[in-house]
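Asker: Here it is: the structure, laid out below.
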Amino acid sequence: MFSWLKHSLKKTFGKTPPDPDPPVDRGPVIIPRSEHGISRSNISENALKVLYRLQKAGHEAYLVGGSVRDLLLGREPKDFDVSTDASPEQVRQLFRNCRLIGRRFRLAHVTFGREIIEVATFRAAEGGARVHTENGMILRDNVYGTVEEDAWRRDFTVNALYYDIRDFSVLDYTGGMADLRAGRLRIIGDAETRYREDPVRMLRAIRFAAKLGFRLDEASEAAIRQLGPLLAEVAPARLFDEILKLFLGGYAVQTFEVLRHYGLFGSLFPATERCLQHEEHHFPLTLLVRALENTDLRLAEGKPVTPAFLFAALLWEPVRARTAELRAQGLAPIEALQRAGDEVVARQTERVACPKRFTLQSREIWTFQERLTRRSGRRPSLLMEQPRFRAAYDFLLLRAHSGEDVGELAQWWTRYQEQDEGGRHAMSASQKGKEGHPRKRRRPRRRTRPAPEQS
């Protein structure tokens, strides 16, 4: 489907098998230790502590989800999740370092310093306590069951594999091992029903497809194209969390391409998608892709990234377009840019509720683009002292490399930062009278009449 979707699974599993028949509920396929590559040495010590303590207390407990999937693929898991027959309250009784979270589905978080082991109780396949909206989205799901029922309640087959520390085997109820070997992402159950239960599952499908290089099976793919508008029903705050997972996971460029391929990017960033569809030049798309590439590179190098810069790039094109409209109406450049930023952010937060601390920084980065055009006198040195200068300068470079007409400005600021104090003074002095910004006319001093002579 995409040039970067290359499956490297033959090295891990050998020959890729053909597509299996749809999974049938016949109990688990047990993969013994000799037939998989999971080793306890690659599992978090804290996750093992949780597993052993739960089992010692008489409960079933398994390592499950993305950690098992990644270990089977030879990847390093980001975190470790545990599934058990113990209720959240029973888990809290066993661990003093535990807190319960969630309303839609109760979870136990067992904290070890900065590491959190998430413990979930087995979910039932059906139950009267489950609450849905009219469109089928689950609002509350605190219905507990068996490990087999829990497997069929999970989202994708490759995430429904259970590692048992009692005999080091892997339990497969849904055909997940065959899908893992085939590089295939398959939703469990009827795709339309599962997406309606939780539309965020569509975003999870995109994220896993991009991260793992897997292809979506036909049924999972078709339902996404049909049900994308359901994302409008998801709470904006929850969508913000999903955006961070999508674009700050190290696979932002691939994720962006898959989101657009399935029409979901427009459900998250409608104003940006409209601009990308009607662009007259290539640079809006190029800027966004370059920003995502830089994000992936910084994450790979262990450098920090901020959602503020990400959102500044994601929303720049609608801000730029609206700024041009406002300037055509007679607004000053800086005022037009500020107002455009306010309008675009206000509309976007109705769909994805980015916290104010990040949107303020994004708007500062945009406003700085106009301030950077003022290079005479002491302005450049004062701008460099501002906390948002570096991010604004990096954003200016992105614009220049993407084809916007700011190449000379970006080169000037690059040279300016390389100069000593004398060189900087000469560069700023050379800009006097070249900027084209009208100087404010001073009001004439009011003449005072001489006091009348005393007679």
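The values are calculated or read from the model by the stated rules, or taken from the named source; none is laboratory data. The model shown is predicted, which means the values in this text are computed figures rather than measured ones. Because the Cβ atoms are built from the backbone with ideal geometry, glycine has one as well, and the counts that use them run over all protein chains shown. Accessible surface areas use protein heavy atoms only, side chains included; no ligands, DNA or RNA. Shrake-Rupley method; radii C 1.70, N 1.55, O 1.52, S 1.80 Å.
Asker: If the Cβ limit is 7 Å and pairs must be 6+ apart or interchain, which residue in segment 52-78 that is under 24 Å from residue 158 (Cβ atoms) and among the acidic types (Asp, Glu) pairs with which residue that is part of a strand (DSSP E or B) and open to solvent by less than 10 Å² (accessible area, probe 1.4 Å)?
Answerer: 60/84
Asker: Assess whether residue 204 counts as being touching a Gly at 6+ places or on another chain (Cβ under 9 Å) and open to solvent by 20 Å² or more (accessible area, probe 1.4 Å).
Answerer: So residue 204 fails the test.
Asker: Ok, one more. Looking at (1) at pLDDT below 60; (2) small (Gly, Ala, Ser); (3) in a helix (DSSP H, G or I), which is the one condition that is false for residue 47?
Answerer: (1)
Asker: Could you give me the residue pairs with C-beta distances under 7 Å whose first residue belongs to segment 344-357 and is open to solvent by less than 50 Å² (accessible area, probe 1.4 Å), whose second residue is charged (D, E, K, R) wherever it lies, and which are 6+ apart or on separate chains?
Answerer: 344/322; 345/363
Asker: Oh, and also: Please return the ranges of strands (runs of 3 or more DSSP E) entirely within segment 100-149 where 2 or more residues are modelled with pLDDT under 55 and out of contact with any Phe, Trp or Tyr (no Cβ under 6 Å at 6 or more places or on another chain). Walk me through how you get there before you give the answer.
Answerer: Values: elements: 107-112, 115-121, 138-140.
In segment 100-149, the matching strands (runs of 3 or more DSSP E) lie at 138-140.
Asker: Which residue, of 311, 269, is more than 16 Å from residue 395 (Cα to Cα), at pLDDT 95 or above and either crowded, with 21+ Cβ neighbours inside 10 Å or among the small types (Gly, Ala, Ser) (or both)?
Answerer: 269
Asker: Select from segment 256-266 the residues that are under 22 Å from residue 350 (Cβ atoms) and either open to solvent by 30 Å² or more (accessible area, probe 1.4 Å) or part of a helix (DSSP H, G or I) (or both) and list them in ascending order.
Answerer: 256, 259, 260, 263, 265, 266
Asker: Somewhere in segment 158-179, is a residue open to solvent by 30 Å² or more (accessible area, probe 1.4 Å), among the charged types (D, E, K, R) and over 20 Å from residue 62 (Cβ atoms)?
Answerer: no
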